[in-house]
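The values are calculated or read from the model by the stated rules, or taken from the named source; none is laboratory data. The model shown is predicted, which means the values in this text are computed figures rather than measured ones. Because the Cβ atoms are built from the backbone with ideal geometry, glycine has one as well, and the counts that use them run over all protein chains shown.
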Amino acid sequence: MVAQPRHHVGGTVDGRRVRGVIETYDGECGLLLGPMWVRDCGVAVGAVVEVVVSPEGPQRADLAEDVAAALDADPVAAAFFDSLAQFYRRGYLRWVDATTRRPELRAQRIARMVALLRDGVKDHRRA
């Protein structure tokens, strides 16, 4: 598996809800919190806090076998899928899952999804 440059997460910082992206800032890996969150959080600068985060949205381990196999076969598409925010990942998966009455269409949509992801398209509706 290829290391991701960005990780969309949700969780808490000192018991307060937070959502964001863990990525590299100035050579350091971290979760950048906006000025409004910092202003309203009640945590003093330099305070030691408990941080609990987990990945947001559907993860590859949770995907249907056919979707997971298609992504495993195309590392570029898989890496782009993994980098997407949960909104876009869920959008692709709902689009594929909407084919329950037409199994032949499901295979076509999975193939189209992989092609779009390989081309860096976040939203299948805009392709």
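Overview of values
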{"quantity": "For residue 89: the one exception among (1) out of contact with any helix residue (DSSP H, G or I) (no Cβ under 6 Å at 6 or more places or on another chain); (2) of a type outside the set (Gly, Ala, Ser); (3) at pLDDT below 90", "calculated": "(3)"}
{"quantity": "Which listed residue, of 107, 85, is of a type outside the set (Phe, Trp, Tyr), surrounded by fewer than 17 Cβ atoms within 10 Å (Cβ to Cβ) and within 23 Å of residue 6 (Cβ to Cβ)", "calculated": "85"}
{"quantity": "Pair list, Cβ < 6 Å and 6+ apart or interchain, from the range 42-56 residues that are closer than 12 Å to residue 22 by Cα and not assigned by TED's automatic domain parsing to the domain that holds residue 86 to residues that are modelled with pLDDT of 90 or more and assigned to a loop (DSSP other than H, G, I, E, B)", "calculated": "none"}
{"quantity": "In the range 46-82, the residues that are surrounded by 13 or more Cβ atoms within 10 Å (Cβ to Cβ) and on the phi > 0 side of the Ramachandran plot", "calculated": "57"}
